[in-house]
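Here, each number is a calculation from the coordinates, and none is a lab measurement. The structure presented is a predicted model; accordingly, all values stated were derived computationally and were not measured. Virtual Cβ from ideal backbone geometry, glycine too; neighbours counted across all protein chains shown.
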Amino acid sequence: MWRAPGVRICYVSQEPMLNADATVFEEVARGLGGLCKLLSDYHHLSHQLAEPDADYDVLLEAMQPLQTQPRSGERMGGAGTHRDSHPAPGAEPG
């Protein structure tokens, strides 16, 4: 069997250890390593923007850096996202 240099192979259990008090979003975000805070902040601001009394100017100003500033070479949803650099919850390195 051959694998490309730098490729990581891991086993992801079908029954990962999850925090029973966390939401599905929180558990998925936890698997993103360094992007977790960025995604959580973006998610929180997005929900605030959906409120009828939202202060759009303040919220959009707070969201702008989350959409444009790279974090360790990564952008939310961008091609530079390194999904394999942080193990998923319940993942066992292989």
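A few remarks follow.
- In the stretch 21-69 the Cα-Cα distances spread across 5 Å bins starting at 0 as 4, 20, 26, 21, 16, 10, 2 percent of all pairs.
- Full-extension gain in nm, R30 to E15, via 0.36 nm per residue minus C-alpha separation: 3.8 nm
- Most to least packed among 28-34, 44-50 [average Cβ atoms within 10 Å]: 28-34, 44-50
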